[in-house]
Amino acid sequence: MDQKQTKKSNDSSVETIDPLRDAYRESITHVPTLTRSLVKHDTALLCIDMQYLDAARGYGVFADTEASGLPIESQDYYFDRLENVVFPNVRQIQDAFRTHNLEVIHTRIQSLTQDGRDRSSGHKRLNLHAGPGSKEAEFIEVVGPVENEIVINKTASGVFNSTNIAYVLRNMEITGLYVVGVYSNECVSTAIRDACDLGFFVTLISDGCATVTEELQNATITTMKDRYARVLTTEEALKEIEELVEA
């Protein structure tokens with residue numbers, strides 16, 4: 001096995017040593033069943049937490065620029081990436097899934113109650129709250145759900161360990177997931193790890209996710225790639241969908 005691998009993401013090119021890369025690719029992230037899942041319409045697009053609470057300037061955790069705890073340069077990086085890269089790419093992939101009659105599933109942070117008493121202890125400590133019907137719970141319009149698409153509400157980082165999403169996916173015979181959303185290093189990566197452990201075949205769209213610094217973004221791609229997920233760019237994903245899936 002060639003232990004010296006050149007690992008490239010949409011955002012950077014770094015050289016590293018990964019002696020287990022080939023073993024994981026052959027067993028977990030690049031198995032033939034993954035693409036067969038797409039061909040059979042058993043793959044869904046999982047869109048994570050693209051809502052006003054955490055993905056819109058001037059709302060939710062970013063309502064008060066200083067109180068957010070993020071330096072201005074980090075906020076600028078995050079929103080520039082969202083608005084100019086992630087949202088347009090996610091919309092392209094959503095449109096491709098919809099055109100080919102593949103499931104598009106959305107998660108968001110939303111409590112069951114207006115006062116948020118049902119929230120996880122972590123969200124209470126972080127003061128994260130989006131009540132039913134609140135602006136914070138609304139999806140960013142350009143990447144929000146349409147018609148009869150499924151929405152999963154959660155009040156923890158991991159959608160698989162805090163909701164019935166695995167049950168829902170099994171009911172629809174979904175075996176593969178393409179994953180996009182925010183934050184890359186938190187809710188997105190947690191969903192990917194859990195989905196992989198539960199036996200789903202996962203593909204992360206590298207330019208369809210974002211977090212608050214370039215370093216965290218690149219680190220997430222490096223950690224997920226060839227361990228828990230395939231990593232594709234939007235262009236690569238669209239090409240695969242077009243070549244493999246009949247409408």
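One quarter of the surface of the convex hull around the alpha-carbon atoms of region 153-247 equals 6.6 nm², the direction-averaged projected area.
The distance from the alpha carbon centre of region 44-122 to that of region 149-212 is 14 Å, rounded to a whole number. Just so you know, the Rg over Rh for region 128-202 is 0.95, from Cα atoms, with Rh as the Kirkwood radius. Annotation for residue 215 and residue 39: the two label points, set 7 Å from Cα along the Cα-Cβ direction, are 4.5 nm apart.
Take every pair of alpha-carbon atoms less than 8 Å apart whose residues are at least six positions apart; their mean separation over the length of the chain yields a relative contact order of 27 percent. The convex hull around the C-alpha trace of region 95-135, projected and averaged over every direction, spans 4.2 square nanometres.
Could you compute the FRET efficiency for residue 141 and residue 76, with r as their C-beta to C-beta distance and R0 at 25 Å, rounded to 0.05? E between residue 141 and residue 76, to the nearest 0.05, is 0.70. A simple spin-label model places the labels of residue 148 and residue 57 3.9 nm from each other, with each point 7 Å out along Cα-to-Cβ. Among 124, 225, 154, the largest mean-square fluctuation in a Gaussian network model of the chain, built with springs joining Cα atoms closer than 10 Å, belongs to 124. Distance between the pseudo-spin-label points of residue 84 and residue 243 (7 Å out from Cα toward the beta carbon): 3.0 nm.
Between residue 118 and residue 25, the contour length at 0.36 nm per residue exceeds the alpha carbon distance by 29.5 nm. Here the gap between residue 170 and residue 101, fully extended at 0.36 nm per residue and compared with their Cα-Cα distance, gives a gain of 23.1 nm. Provide Rg over Rh for the chain; use the alpha carbon set for both Rg and the Kirkwood Rh (inverse mean inverse pair distance). In the chain, Rg relative to Rh is 0.96.
Given 25 °C and 0.890 mPa s, how large is the Stokes-Einstein diffusion coefficient of region 100-172 in µm²/s, with Rh as the Kirkwood radius over Cα pairs? Rounded to a whole number, D works out at 185 µm²/s.
Bear in mind these aren't lab numbers, they're just calculated from the coordinates by the rules spelled out. Computed from a predicted model, the values in this text were never measured in an experiment. Counting neighbours? That spans all protein chains shown, and the Cβs are built from the backbone with ideal geometry, glycine included.
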